[in-house]
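**Student:** Here it is, the structure in full.
What follows draws every value from the coordinates through simple rules; no lab data is involved. Remember, it's a predicted structure, so these values are computed and weren't measured experimentally. Reconstructed Cβ throughout: ideal geometry from the backbone, glycine too, with neighbour counts over all protein chains shown.
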Amino acid sequence: MNHRLTYLSLSSLLVLAASCASSPDSSIPADALREDVLTAEQQDALTPYEVVELLREGNQRFVRNELTLRDHSEMVRKSTGAQYPKAIVLSCVDSRVPVEDVFDRGIGDVFVARVAGNFINEDILGSMEFACAVAGSKLVLVMGHEHCGAVKAAIDGVEVGNITAMLTRIQPAVDKARASYDGDTSSKNDEFVHEVCEQNVLDTIAAVRAGSPILTDLEQRGEIRIVGAIYDMDTGVVSFLDL
């Protein structure tokens, strides 16, 4: 028997066996099974730069359709008492952007805040401060995405119920993009929508730094990074901005 397998619990072997039985042609290697959630010591040893690279590598696995096989039931039990996530990700609510899957992350790996248009407000800022200053996360990632419905609605000037007020948070990015873009500035132009999407991410990062002295101080001391990214819904690739 492989020496490494002697350290796997019986429950892990059963999970692996069940997976193989249901998918006899599966090419997922046995060593892809990860039982342990991140510990305080492991989180503390990570640098913000390493966390970015871990997310990059996870996204590459997602794109290749090689997601890590995990024993979620075991991870739920092991994470009950505490959590030590690597990062907090601010994403759009779009159902086509499954954040944990996009970065091949498991239970206890990342905090995720979601709002249409991935903009910042007081509640999300507080959540980011909790994630980094209290729970020890090393990265704040603001992630927009292509074909964003909220961005398109802001471009079109949609006015419907509470959506109207929400879209005012994205409007500054629309105005900045229009001021510098030479061409069709309607929501039908995917290139312009991308420009607004990227500008909105940059505006949100600036708002995080302006609105949270706590996060800014942590960033200046090198304890965290605040970065942006765009998720391409056509390819599954996450492109980090200015890295």
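**Student:** Could you give the length gained on full extension between ASP184 and GLU100, defined as 0.36 nm per residue of separation minus the Cα-Cα distance, in nm?
**Tutor:** Gain in length upon complete extension: 26.8 nm.
**Student:** What's the FRET efficiency of ARG114 with GLU191 using the Cβ-Cβ distance as r and R₀ = 35 Å, to the nearest 0.05?
**Tutor:** 0.85
**Student:** Amide H of LEU90: which non-local residues (sequence gap of 5 or more, or other chain) have their own amide H closer than 5 Å, using H built in the peptide plane?
**Tutor:** ALA113, LEU141, VAL142, MET143
**Student:** Assuming R0 = 30 Å, what is the FRET efficiency of ASP36 and ARG56, from their Cβ-Cβ distance, to the nearest 0.05?
**Tutor:** 0.85
**Student:** Rank the residues LYS86, LYS176 as a footprinting-exposure proxy: fewest other Cβ atoms within 10 Å of their Cβ go first.
**Tutor:** LYS176, LYS86
**Student:** For the pair THR164/VAL63, report the inter-label distance in nm, with labels modelled 7 Å from Cα in the Cβ direction.
**Tutor:** Here the modelled spin labels are 4.2 nm apart.
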